[in-house]
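Asks: Here you go, one structure.
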Amino acid sequence: MSSDLSLRKVHVHLGERSYYVVIGHGALSRLSDILEFEKISGPFAMITDSNVFALEVRQQLAQSSAGAPLQYYGLNDVDGERGLRVPAGEKSKTLAAAEELLSALAALTLPRSGAVVALGGGVVGDLAGFVAATYLRGVNFVQVPTTLLAMVDSSVGGKTGVNLAQGKNLVGAFHQPKLVVADLDTLETLPPREFAAGMAEVIKYGAIRDRQFFARTARGVKPQDDDLGDIVEKCVIIKAQIVGNDEFETKGERALLNFGHTIGHAIEKATGYSRYLHGEAIALGMRAAAWLSRDQAGLAQEDAREIEVALIANQLPVLLDATVDSQSILAALGNDKKVGADGESRWVLLTELGAAEGGYRIPPERVARAVEQLKIHPDDL
Ligand SMILES: NC(=O)c1ccc[n+]([C@@H]2O[C@H](COP(=O)([O-])OP(=O)(O)OC[C@H]3O[C@@H](n4cnc5c(N)ncnc54)[C@H](O)[C@@H]3O)[C@@H](O)[C@H]2O)c1
Ligand SMILES: [Zn+2]
């Protein structure tokens, strides 16, 4: 892997809430400098999960900060190994976990001038972000994403939150970070399945915004590819543009990021959030949305097929497990969060590769057929 320490910076334009996303190999070894340069002062409370806590990257970070303007409350200070960490996985995105972390920050007397640093994937980012948004009515927040999904998606845009028994992300706050630092070296330890899941969102960005970029991802992307920095940067640029235009998802543009997510979310829900990773469910959702786009929005047949090619080239599923009950997916579609005032689902579809539009209504029987077709391999259709 490249030892080139040249870092890229993407600006997220949000007026007084603007910030930079710093991307590159070895970025974490420069975290203290970057924080100082961005005038973000401590004390810092780092929140991570049990997996990332055990990684060398976390240990390096804690060591490199010794004596620097970084103080890791709760990570190094008490008995050398105690940290503000939660068990890895979606089950930690709860109000109970948030309360525990909030209490820990209060016990550590993190002041209002301090900052919360999230080191980990989207689970840690969403949870720590919610804690940062609510502790003392809001403290500074820094995202250090360590999964591909978190780098290209969840760490940028300011959506934070936790789940309820009734559904995912039902409690939360918009709380933009002051800084995002994505060190591509951290992806070296990421399990291949998690990398592939992040690629689903990468493919999505190309599909909704940039045909040429889509074509690059359709050839397959591996963690060691030389252009990985370009790829992450491109995604962040697209997300930053969309968020910059529609921070609070009130104008329709941010909703375009939900391409593939209507059926994807329903698959996740119908399978109890355990059979598929989010990105895997989104891959299936994009395959279905590609056909719906062909039928309802004029996407060319060969372009719909290209989406399947891209998913397969990135080790993502295109075939829905035959044991999953299609009816339960359709039932889950009925209570998707993103419904119009009339209670009907609104779909984001592609008019061509690289261009998306929201607001489509689709007849229920057509949706049912799309879900059923997910059980048939592309080669057999
Ligand atoms: N806020 C947003 O805008 C937004 C957008 C998309 C997704 N999300 C949320 O993000 C979450 C999913 O994020 P995720 O896919 O990053 O999952 P995750 O945070 O659960 O991370 C996936 C797994 O990888 C491990 N891990 C993290 N970094 C690692 C590394 N460098 N090496 C080895 N293992 C590592 C984690 O411990 C975990 O087991 C969901 O809760 C979803 O709702 C939020
Ligand atoms: Zn997603």
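Asks: Condition first: in contact with a strand residue (DSSP E or B) (Cβ under 8 Å, 6 or more places away or on another chain) and either farther than 22 Å from Q176 by Cα or not in a loop (DSSP other than H, G, I, E, B) (or both). Now tell me which residues in the stretch 101-112 satisfy that.
Replies: L101, A104, L105, L108
Asks: Evaluate the stretch 94-103: report whether one residue or more is within 22 Å of A197 (Cβ to Cβ) and either among the hydroxyl-bearing types (S, T, Y) or modelled with pLDDT of 95 or more (or both).
Replies: Yes: the stretch 94-103 contains one or more residues that are within 22 Å of A197 (Cβ to Cβ) and either among the hydroxyl-bearing types (S, T, Y) or modelled with pLDDT of 95 or more (or both).
Asks: Next question, about the same structure. Assuming H265 fulfils every condition listed in (1) within 15 Å of ligand 1 (Cβ to nearest atom); (2) farther than 14 Å from A355 by Cα; (3) in contact with a Phe, Trp or Tyr (Cβ under 9 Å, 6 or more places away or on another chain) apart from one, which condition is it?
Replies: With (1) within 15 Å of ligand 1 (Cβ to nearest atom); (2) farther than 14 Å from A355 by Cα; (3) in contact with a Phe, Trp or Tyr (Cβ under 9 Å, 6 or more places away or on another chain) applied to H265, the lone miss is (3).
Asks: Right, something else. Looking at (1) touching a strand residue (DSSP E or B) at 6+ places or on another chain (Cβ under 6 Å); (2) within 16 Å of ligand 2 (Cβ to nearest atom); (3) modelled with pLDDT under 95, can you tell me which one G172 breaks?
Replies: (3) is the only condition that G172 fails.
Asks: For the stretch 248-259, enumerate the residues that are away from ligand 1 (no atom under 12 Å from the Cβ) and assigned to a loop (DSSP other than H, G, I, E, B).
Replies: F248, T250, K251, G252, E253, F259
Asks: Does A62 satisfy the criteria of being surrounded by 15 or more Cβ atoms within 10 Å (Cβ to Cβ) and modelled with pLDDT of 85 or more?
Replies: For A62, the condition - surrounded by 15 or more Cβ atoms within 10 Å (Cβ to Cβ) and modelled with pLDDT of 85 or more - is not met.
Asks: Scan the stretch 185-202 and tell me whether some residue there is of a type in the set (V, I, T), within 13 Å of ligand 1 (Cβ to nearest atom) and over 29 Å from E352 (Cα atoms).
Replies: yes
Asks: Picking from G161, G120, which residue would you name as being surrounded by 22 or more Cβ atoms within 10 Å (Cβ to Cβ) and at positive phi?
Replies: Step by step, each of G161, G120 is checked, and only G120 is surrounded by 22 or more Cβ atoms within 10 Å (Cβ to Cβ) and at positive phi.
Asks: While we're here: Working carefully through the options L320, L316, L299, L292, find the one that is modelled with pLDDT of 95 or more, within 15 Å of ligand 2 (Cβ to nearest atom) and among the aliphatic types (A, V, I, L, M).
Replies: Every option except L316 fails the conditions.
Asks: Let me ask something else about it. Starting from the stretch 292-312, keep only residues that are closer than 17 Å to F213 by Cα, then list their pairs with residues that are among the hydroxyl-bearing types (S, T, Y) whose Cβ atoms are within a distance under 7 Å, requiring at least 6 positions of separation or different chains.
Replies: Matching pairs, first to second residue: A304/S293; A310/T217.
Asks: May I pose another question? How about the stretch 129-158: which of its residues are away from ligand 2 (no atom under 16 Å from the Cβ), of a type outside the set (A, V, I, L, M) and surrounded by fewer than 24 Cβ atoms within 10 Å (Cβ to Cβ)?
Replies: Within the stretch 129-158, T134, Y135, R137, G138, N140 meet the criteria.
Asks: Also, quick follow-up: Since E365 meets every condition but one in (1) more than 25 Å from the chain's Cα centre (by Cα); (2) touching a residue at least 12 places away in the same chain (Cβ under 8 Å); (3) farther than 18 Å from N258 by Cα, which condition does it not meet?
Replies: The number of the failed condition is (2).
Asks: Is at least one residue of the stretch 31-38 at pLDDT 70 or above and under 21 Å from Y135 (Cα atoms)?
Replies: yes
Asks: Against the definition (in contact (Cβ under 8 Å) with a residue 40 or more places away in the chain, part of a helix (DSSP H, G or I) and over 21 Å from V21 (Cβ atoms)), how does Q212 come out, yes or no?
Replies: The answer is yes for Q212.
Asks: What are the pairs, 6+ residues apart or on separate chains, where a residue within the stretch 181-206 that is closer than 16 Å to V309 by Cα and within 16 Å of ligand 2 (Cβ to nearest atom) has its Cβ under 6 Å from a residue that is part of a helix (DSSP H, G or I) and among the acidic types (D, E)?
Replies: That search, which allows pairs on different chains as well, returns A197/E280; E201/D153.
Asks: How many residues, within the stretch 166-219, are among the polar types (S, T, N, Q) and more than 22 Å from L127 (Cβ to Cβ)?
Replies: 2
Asks: For the stretch 270-291, give me each residue that is touching a residue at least 24 places away in the same chain (Cβ under 8 Å) and more than 17 Å from A196 (Cβ to Cβ).
Replies: A270, T271, Y273, A288, A289, A290, W291
Asks: Suppose we keep only residues that are in a loop (DSSP other than H, G, I, E, B) and at pLDDT below 95 within the stretch 113-162. Which one would you say is nearest to ligand 1 (Cβ to nearest atom)?
Replies: G114
Asks: Continuing with this model, one more query. Within the stretch 278-299, can one find any residue that is in a loop (DSSP other than H, G, I, E, B), of a type outside the set (D, E, K, R), in contact with a helix residue (DSSP H, G or I) (Cβ under 6 Å, 6 or more places away or on another chain) and more than 15 Å from ligand 1 (Cβ to nearest atom)?
Replies: Yes, because at least one residue in the stretch 278-299 is in a loop (DSSP other than H, G, I, E, B), of a type outside the set (D, E, K, R), in contact with a helix residue (DSSP H, G or I) (Cβ under 6 Å, 6 or more places away or on another chain) and more than 15 Å from ligand 1 (Cβ to nearest atom).
Asks: Any idea how many residues of the stretch 28-51 are surrounded by 21 or more Cβ atoms within 10 Å (Cβ to Cβ) and in a helix (DSSP H, G or I)?
Replies: So the count comes out to 3.
Asks: Against the condition more than 23 Å from V123 (Cα to Cα), surrounded by fewer than 22 Cβ atoms within 10 Å (Cβ to Cβ) and modelled with pLDDT of 90 or more, how does R17 come out, does it pass?
Replies: No, not satisfied.
The values are calculated or read from the model by the stated rules, or taken from the named source; none is laboratory data. Keep in mind it's a predicted model, so treat the numbers as computed, not measured. As a convention, Cβ positions derive from the backbone with ideal geometry for all residues, glycine included, and neighbour counts pool all protein chains shown.
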